Amino acid sequence: MIGAIIGSAALGVAAMVGIAGYYAVTDEDDDEDNDEGDRAAVARALRFAKVTLQQGLTASELEGHPISAKFEVDRGKFQLSVYTWKDGRFSEVLVDYSTGDIMKAQPITQGNDLDVAQAQHEAMTKAKIGLREAVDRTLVDAAGFRAVAVVPNLKDGRAVASVLLFKGEDSKIVNQTLD
C-alpha cells in the first residue's frame, strides 16, 4: 500500500515536471508566476480554438508520428504545436487552431527542443497506444474539461502520458498509461 502511494506521488511529480516544461519561464521574464500567467493566457485564448488537441495530433501525422502536443502562447501568439518524429528526424508542426490545417513544419535540430523531443520519442517507443487515444481515454472521466497538452514520460520503464486539462480557468493533470 505504501509503495503504491509513493509510486503515485512520484508519477504525479513526473507529470508536473513534464507539463511544467511546456509552460516554463522564459529568459525574458523570470517572474515565478510566469507559469500561471502562461496557463491563464492559454485558457483565455482557447475560446478561439475550433480544433481539438486530438484533431491537431491527427493533422500532424502528415509530417510524422506525433510525440507531444500543446496549445500555447508563444511570443504573444496563440498556437497549436505538435512535435513529430519521422525517419530519424524531429519536427515542430504548427496546426491552425481554427481549421486543423498544417501552417508550418520546421525541423528540430538543436538545443533544449531537441533534448525534449528525444526524451519524448524515447517514451513513445515504449507506448502501445498513440497520444490521441490517450487523450480520448483521459477525457472519458473528465466531463467539461478540454485537453490542452499531452506529454509522454517514462515511469519505471513504462510509457505514461501526462494530459493537461482545462475547464475555464481551472486546470488539472491526469496521467494515462500508454499500454
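Tell me, which residue of region 83-112 that is within 19 Å of VAL148 (Cβ to Cβ) and of a type in the set (Asp, Glu) is surrounded by the most Cβ atoms within 10 Å (Cβ to Cβ)?
Filtering region 83-112 for residues that are within 19 Å of VAL148 (Cβ to Cβ) and of a type in the set (Asp, Glu), the one surrounded by the most Cβ atoms within 10 Å (Cβ to Cβ) comes out as GLU92.
ALA59: aliphatic (A, V, I, L, M) and surrounded by fewer than 17 Cβ atoms within 10 Å (Cβ to Cβ), yes or no?
Here the answer is no, as ALA59 does not meet what is asked.
Taking region 130-156, which residues are closer than 18 Å to ALA59 by Cβ and aliphatic (A, V, I, L, M)?
Initially, region 130-156 is screened for residues closer than 18 Å to ALA59 by Cβ, giving 130-136, 146-150.
Within region 130-156, LEU131, ALA134, VAL135, ALA147, VAL148, ALA149, VAL150 qualify.
Report every pair of residues separated by at least 6 positions or lying on different chains whose Cβ atoms are under 8 Å apart, first residue within region 74-88 and assigned to a strand (DSSP E or B), second exposed (fewer than 10 other Cβ atoms within 10 Å of the Cβ).
PHE78/PHE48
From the set of residues in region 131-152 that are over 16 Å from TRP85 (Cβ atoms) and buried (at least 21 other Cβ atoms within 10 Å of the Cβ), which is farthest from the chain's Cα centre (by Cα)?
Among those that are over 16 Å from TRP85 (Cβ atoms) and buried (at least 21 other Cβ atoms within 10 Å of the Cβ), it is THR138.
So LYS128 ticks every box in (1) in contact (Cβ under 8 Å) with a residue 24 or more places away in the chain; (2) over 23 Å from ARG47 (Cβ atoms); (3) surrounded by 16 or more Cβ atoms within 10 Å (Cβ to Cβ) but one. Which box is left unticked?
So the condition that LYS128 fails would be (3).
What number goes with the only condition from (1) over 20 Å from ALA49 (Cβ atoms); (2) crowded, with 18+ Cβ neighbours inside 10 Å that VAL163 does not pass?
(1)
Every read-out reported here was derived from the displayed coordinates using simple, explicitly stated rules and does not represent laboratory data. In this text, all values refer to a predicted model and were calculated from it rather than measured experimentally. With ideal geometry, Cβ positions are generated from the backbone for all residues, glycine too; neighbour counts draw on all protein chains shown.
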